[in-house]
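Just below is one structure, and these are the notes that go with it.
Coordinate-derived values only; no laboratory data. Remember, predicted model here, so these are calculated numbers, not experimental data. Cβ coordinates were reconstructed from backbone atoms using ideal geometry, including for glycine residues, and neighbour counts include every protein chain displayed.
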Amino acid sequence: MVTIRAATVADQARIQAIVRAARINPRALGWQHFMVANSPDGAVVGVGQVKEHRQGTREIASIAVTPSHMKMGIAALLIDALVAREAGDLFLYCERGLSHFYRRFGFLELSGDHLVPADLLHEVKLARFAMRVIRLIRRSELQLVVMRRLAERHPATFRAMLPPPADSP
């Protein structure tokens, strides 16, 4: 059984290793903002954080699970734990193909950049630039979306309304 807990300073190197192995944004990885998933033997096998941006916007980020523990619901457990600790609105950005996964937690796609808080928009624009470079190299069609979860929406309510996804990260 996997357990979710707040990260400690001892988890810092493992957090960085898991995030880098997942090839997601390796910036702002301070352990103080993370929750980690421990396998029964105590190994950290998943991570996730809530980043606070300059103007107070809070973003679910750095959700990553080791390859050997994927498809076990660990990412969902981490997101549930992160959302449960937050009182206000939350944002995230992800590849469009993952947006169905985050809808289960009450996140909805924003229809334009004018709806994205300025402090998060800077980060999103950097990510979009990086994705353009990746598209040129890999010749793939990756597209980034920004999603928001309003504070009054409880994830369990939305999960009950949506069909289960065919797969999840």
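Remark: spin-label model distance R54-Q12 equals 2.5 nm, labels positioned 7 Å along the Cα→Cβ axis. For I63, the residues whose modelled amide H falls within less than 5 Å of its own, excluding neighbours fewer than 5 places apart on the same chain, are Q49.
On full extension, the segment bounded by E95 and R5 gains 29.7 nm, given 0.36 nm per residue less the C-alpha separation.
The label point for D41 and the one for L150, both projected 7 Å from the Cα toward the Cβ, are 4.6 nm apart.
Summarising the label geometry, the points placed 7 Å from Cα in the beta-carbon direction at R23 and D119 lie 3.1 nm from one another. Computed 3J(HN,Hα) for region 30-44, one whole-Hz value per residue from the Karplus formula 6.51 cos²θ - 1.76 cosθ + 1.60 where θ = phi - 60°, is x, 4, 4, 9, 9, 10, 10, 10, 9, 6, x, 8, x, 6, 6, glycine and proline marked x. For E109 and M70, the difference between the fully extended length at 0.36 nm per residue and the C-alpha to C-alpha distance is 11.6 nm.
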